[in-house]
Structures are given as structure tokens and as C-alpha cells.
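I have placed the structure first, in the form of C-alpha cells, so that the comments after it can refer back to it.
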Amino acid sequence: MTQSPRNTSAQFVARVALMASLALIFSYIEAIIPYNPGIPGIKLGIANIVTVIALYKFGWKEAAGVSVIRIVIAGLLFNGLFGMLYSLAGAIVSLAGMICLKKTGLFSVVGVSMAAGVLHNLGQLFVAAALIEDLRIFFYFPVLLFSGIAAGILVGIASAMILRILK
């Protein structure tokens, strides 16, 4: 019995590797852009465009693979161990949220991405609270809420535009 090329392990690995490489390039671009809004922890997260596209074009396994590979390599190259830890926590929470919201069929790509931006920040706050053993860090959540909404909308718009082109 032969499998269709889309479902082979080699095709899966190639898709994930290619998309993770693209996401890593976006992470590098974001790391070298001198962007500082004066608020710690705020960034656009343009590499998440690739994760959103992977989720919608291929599925949750590809999106998870792209996200984890990109975060681990970017952590080793640019962010360090703690940056990697924060990013992994945010990615797990945001990806779980994206998968759930996408499955409902009630949300657009932009809506799913916006929720993911907020959930990513929330996941990072949980790690920060555990590391510093102080729940007062959650007083920072309103700032991260608005930045997550804004970044999620921008990433979602870009992702939706690219997905339209890919169809």
C-alpha cells in the first residue's frame, strides 16, 4: 500500500524543517531590528506568522514542530536559556489556544492569532511567576494584554493575506 506524498514522514520532516528555517530567519530579523517601545517584553513576533500558516495549511503537528524547533534554535542563538524557557511556555499555551479556537470554526485567522498573542504573554507570565515566586508579576498582564492583542492582529492579518495567496 502506498501513501500519498503529502502524508509521508519525509514530506512531514521537509515541510517542518523548511517552515522552521523561515521562522528562524524571521526571529533573526526581529532580533537585529532596533525596536524598543520602552516596555519590557514587548515584540511583534513576526516568526509566529509561519506558525499560524503551518497550523492552517498543514495542521497542528506541523505548527508545533515549527514552533518548538524555531524556539530552541533561536534560544541557543539569540535569547539564551531563560528566553527559550519563556518562549516555549508561551508557545505551548498559545498553540493550544489556537488549536482549540480553530477547531470551533467561529474565529477568523486574525481572531485566532489575536488570542494566541494574548495567550503567549500569559504563558510567559506563568513561567515568570514560578521563577521569581511572586504572583505580583501578574500586575503586568494588562500591558501585555494590549501588546498581545496588537501583535496578534498584525500577525493574523499578515498570515491571512499569505494564506489567501497560497490557496
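Rounded to the nearest Å, what's the spacing between the alpha carbon centres of the stretch 143-165 and the stretch 55-86? Just the number, please.
When both Cα centres are located, 18 Å separates them.
Just to confirm the filter: which trypsin sites (Lys or Arg not before Pro) across the stretch 10-107 are DSSP coil and have at most 16 other Cβ within 10 angstrom of their Cβ?
On the way: sites: 15, 43, 57, 61, 70, 102, 103; in loops: 43.
When the trypsin sites (Lys or Arg not before Pro) of the stretch 10-107 are filtered for loop state and at most 16 Cβ neighbours within 10 Å, 43 remain.
Per the helix-only calculation at 222 nm, which mean residue ellipticity applies to the chain, given -39500 (n - 2.57) for every DSSP H run of n ≥ 4 and division by its residues, nearest 500 deg cm²/dmol?
Numbers: 6 runs with 124 residues, N = 167.
Result for the chain: -25500 deg cm²/dmol, rounded to the nearest 500.
With +1 on the Cβ of every Lys and Arg and -1 on the Cβ of every Asp and Glu, and nothing else charged, how large is the dipole of the stretch 5-166 about its Cα centre, in debye rounded to the nearest 20? Could you put the intermediate results ahead of the total?
Numbers: 10 positive and 4 negative charges, 113 e Å.
Dipole about the Cα centre, nearest 20: 540 debye.
What dipole magnitude, in Debye to the nearest 20, does the stretch 12-108 give about its Cα centre under +1 on Lys/Arg Cβ and -1 on Asp/Glu Cβ?
For the stretch 12-108, the charge dipole is close to 260 debye.
Need the list of aspartates and glutamates near residue 167 for cross-linking: C-alpha distance under 19 angstrom, and skip anything on the same chain fewer than eight residues off.
Correct list for residue 167: 62.
All of the numbers you see were taken from the coordinates with simple rules; none came from a lab. Note that the structure is predicted; figures quoted are calculated from it, not measured. Virtual Cβ from ideal backbone geometry, glycine too; neighbours counted across all protein chains shown.
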